[in-house]
Amino acid sequence: MICPVTQDLILAARMLRDGKLVAFPTETVYGLGANARDENAVARVFAAKQRPYFDPLIVHFAELAQLKQAVRTFPSELDRLAQEYWPGPLTLVLPKSDWIPDLVTSGLDTVAVRIPGDDRARELIRSADLPIAAPSANRFGCISPTTAQHVVDQLGDDIELVLDGGPCRIGVESTVLQWTDEGPVLLRFGGLPVEEIEAIIGPVRTHTNHAAASSTSPPAGPGMLSKHYAPRTRLTIVDEIPASPPRRSGLMTWREVDSVTRQGFVIVETLSEQGDLVEATANFYAALRRLDAQALDEIYAARFPDKGLGRALNDRLQRAAVRE
Ligand code: TXA
Ligand code: MG
């Protein structure tokens, strides 16, 4: 049975309290929410997503006081960052307290925490009065959802409710930053550009091991699977858009291309006519889905400028382009 879609926040909060799975909007992507303190509900999140148990979940909070219950320590070096960017598209990986069950964190002694920037998301969490574990509301390895309909299409049979908040404002997942004894390490490029983080806390090391992991075995670090966020169609990243692509091809570009270039493609998704990376990010996953629905032989995707949000999008393209 396909689950209902609602705008009733109180109903959604009540269902979370009852141990149900409720997808909800955040400013980044839709999350598949469950009471983080309820191990049955959390186990069902992994099952619904077909996500391996070695890949830990992010726990969402309405405010900092609530979040601090989930961590053993909150490094003072991160105070300003949290002040500046929470609520917002930033996830911090910190030492975990016993308040959060081990299942949520795949047995790690760290927990990923964030305060989402979407007002409805925080209102939902506040009403439920619970920490909410929520991965992106898509099947494991597939394209992340930025509308309620995307969630219904993939998970409608396996969850209890979708809270509809319209399209997500940012459109790419949160930036994940771990605090270690050796300082901050970036685990995932995302909606908060790393340049903005560095402006506050100084240089951040980047953990990159695309080549090391596959989607079937545990990665060197969680969340570093090489193939991820992937369409079914073959995807190739290009610096120059091919003038006459060989097969039935689609094109994703982040700025307007001329009509001669367009001719070679069955479908062209222009993420932003003006080449605005904020607009391009908001359109990214929905455009990838539309391309994937065309039964193309190949999707060509123009590489994004390697700065700001462009780095998060290039990261997603790279994982989408991995061939197994
Ligand atoms: O924007 C977002 O972050 C969305 C919305 C719903 O909040 N959530 C999201 O969750 O993208 P998910 O599960 O799709 O991605 C969470 C990432 C994964 O790569 C996971 O491995 C990593 O965070 N992660 C979670 N806990 C971790 C931990 N303790 N240590 C290292 N990485 C962790
Ligand atoms: Mg995800």
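The values are calculated or read from the model by the stated rules, or taken from the named source; none is laboratory data. Quantities reported herein were computed from a predicted structural model and do not represent experimental measurements. FYI the Cβ positions are ideal-geometry reconstructions off the backbone, even for glycines, and counts take in every protein chain you see. Only protein heavy atoms, including side chains, enter the accessible area calculation; ligands, DNA and RNA are left aside. Shrake-Rupley method; radii C 1.70, N 1.55, O 1.52, S 1.80 Å.
To keep it simple, each residue is scored yes or no on (1) farther than 28 Å from Ala320 by Cα; (2) part of a helix (DSSP H, G or I); (3) open to solvent by less than 20 Å² (accessible area, probe 1.4 Å).
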{"position": "Asp55", "(1), (2), (3)": "no, no, yes"}
{"position": "Leu78", "(1), (2), (3)": "yes, yes, yes"}
{"position": "Glu84", "(1), (2), (3)": "yes, yes, no"}
{"position": "Val93", "(1), (2), (3)": "no, no, yes"}
{"position": "Val113", "(1), (2), (3)": "no, no, yes"}
{"position": "Pro116", "(1), (2), (3)": "no, no, yes"}
{"position": "Ser144", "(1), (2), (3)": "no, no, yes"}
{"position": "Gln149", "(1), (2), (3)": "no, yes, no"}
{"position": "Asp153", "(1), (2), (3)": "no, yes, no"}
Taking only region 9-34 into account, find how many residues are surrounded by fewer than 24 Cβ atoms within 10 Å (Cβ to Cβ), within 16 Å of ligand 1 (Cβ to nearest atom) and within 13 Å of Ala134 (Cα to Cα). 0
Name, by its number, the condition in (1) farther than 16 Å from Leu155 by Cα; (2) touching a Pro at 6+ places or on another chain (Cβ under 9 Å) that does not hold for Val45. (1)
Scan region 243-265 and give yes if some residue there is open to solvent by 30 Å² or more (accessible area, probe 1.4 Å), in a helix (DSSP H, G or I) and in contact (Cβ under 8 Å) with a residue 24 or more places away in the chain, otherwise no. no
Go through (1) within 10 Å of ligand 1 (Cβ to nearest atom); (2) in a helix (DSSP H, G or I); (3) farther than 16 Å from Gln66 by Cα and name the single condition Arg120 misses. (1)
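Only one of Val172, Val185, Val162, Val176 is outside any loop (DSSP other than H, G, I, E, B), within 16 Å of ligand 2 (Cβ to nearest atom) and assigned by TED's automatic domain parsing to the domain that holds Gln83. Can you tell me which?
Val176
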Check Arg51, Arg37 and return the single one that is touching a helix residue (DSSP H, G or I) at 6+ places or on another chain (Cβ under 8 Å), part of a loop (DSSP other than H, G, I, E, B), in the same structural domain as Gln149 (by TED's automatic domain parsing) and touching a residue at least 60 places away in the same chain (Cβ under 8 Å). Arg51
On the given criteria, is Ser106 outside any helix (DSSP H, G or I), among the hydroxyl-bearing types (Ser, Thr, Tyr) and either at negative phi or within 11 Å of ligand 1 (Cβ to nearest atom) (or both)? yes
Any residue at all in region 136-147 that's within 17 Å of Leu9 (Cα to Cα) and at pLDDT 95 or above? yes
Across (1) open to solvent by 30 Å² or more (accessible area, probe 1.4 Å); (2) more than 19 Å from the chain's Cα centre (by Cα), Ile299 clears everything bar (1)
